[in-house]
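**Student:** Here you go, one structure.
The values are calculated or read from the model by the stated rules, or taken from the named source; none is laboratory data. Quantities reported herein were computed from a predicted structural model and do not represent experimental measurements. So basically every Cβ, Gly included, is an ideal-geometry build from the backbone, and we count neighbours across all protein chains shown.
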């Protein structure tokens, strides 16, 4: 792997994080020089990173040829949840069939840890474990492709998931939904797990769409 490619990958990840976390907002004008100076690198890896971000529809050029942040729109969010509703239940059904007793208990332990952090007001830790929980489900599905697609969709919702967790009553209800899914794994109940993940995704979508940061 070339040095430029490695640096471009790093720059891509950093810019993506700035966009998905909301530090760079929709409509912000950006440039190669801006990131070259920000990260103390040449424009070549920045250019490669921006090309990838264009392909991901996170940045784009306006009619005046200004490079702007596109971010994730409300339409994108609706589409992401719609796709999750179609793909994630099947991935979870595969995961239940593949999971060992140890896997199921590990899921329960993750949720118990989420409850602990939630009760201590550590939202960042709760959010981190939320990612780990869903990543574990994708891994247990046994499908690399499902894992890649669903991980990408989850990552694009990063900023909004955090906002959702901070809304009154949503945090604990989300953890209760997680626990019902984890218990379905313990019970080897595919139908219960599928219903649980559908309910979780629908509730998460409805809650996210009420956030003030949605444009």
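**Student:** Filter the stretch 62-97 down to residues that are farther than 26 Å from residue 160 by Cα and surrounded by fewer than 14 Cβ atoms within 10 Å (Cβ to Cβ) and give me whichever is modelled with the highest pLDDT.
**Tutor:** Restricting to residues being farther than 26 Å from residue 160 by Cα and surrounded by fewer than 14 Cβ atoms within 10 Å (Cβ to Cβ), the top hit is 97.
**Student:** Further question: Based on what the data block shows, is residue 43 in contact with a helix residue (DSSP H, G or I) (Cβ under 6 Å, 6 or more places away or on another chain), loosely packed, with under 15 Cβ neighbours inside 10 Å and at pLDDT 90 or above?
**Tutor:** On the way: in contact with a helix residue (DSSP H, G or I) (Cβ under 6 Å, 6 or more places away or on another chain): yes; loosely packed, with under 15 Cβ neighbours inside 10 Å: yes; at pLDDT 90 or above: yes.
It is true that residue 43 is in contact with a helix residue (DSSP H, G or I) (Cβ under 6 Å, 6 or more places away or on another chain), loosely packed, with under 15 Cβ neighbours inside 10 Å and at pLDDT 90 or above.
**Student:** Out of 22, 27, which single residue is at pLDDT below 90, within 13 Å of residue 72 (Cα to Cα) and part of a loop (DSSP other than H, G, I, E, B)?
**Tutor:** Step by step, each of 22, 27 is checked, and only 22 is at pLDDT below 90, within 13 Å of residue 72 (Cα to Cα) and part of a loop (DSSP other than H, G, I, E, B).
**Student:** For the stretch 108-215, give me every one of the helices (runs of 4 or more DSSP H) that falls completely inside it and has 2 or more residues that are outside the structural domain of residue 57 (by TED's automatic domain parsing), under 16 Å from the mean Cα position of the chain (by Cα) and in contact (Cβ under 8 Å) with a residue 60 or more places away in the chain. Talk me through it step by step, then tell me what you get.
**Tutor:** Values: elements: 123-140, 144-156, 158-165, 170-186, 190-208.
Per the criteria, 144-156, 158-165, 190-208.
**Student:** Separate question: Where the second residue is part of a helix (DSSP H, G or I) and at pLDDT below 85 and the first is surrounded by 13 or more Cβ atoms within 10 Å (Cβ to Cβ) and lies in the stretch 1-21, which pairs have Cβ atoms under 9 Å and are six or more apart or on separate chains?
**Tutor:** These pairs meet every condition: 17/158; 19/159; 20/158; 20/159.
**Student:** If only one of 13, 57 is under 20 Å from residue 154 (Cβ atoms) and either part of a loop (DSSP other than H, G, I, E, B) or touching a strand residue (DSSP E or B) at 6+ places or on another chain (Cβ under 7 Å) (or both), which one is it?
**Tutor:** Details: 13 fails: either part of a loop (DSSP other than H, G, I, E, B) or touching a strand residue (DSSP E or B) at 6+ places or on another chain (Cβ under 7 Å) (or both).
None of the other options fit; the residue is 57.
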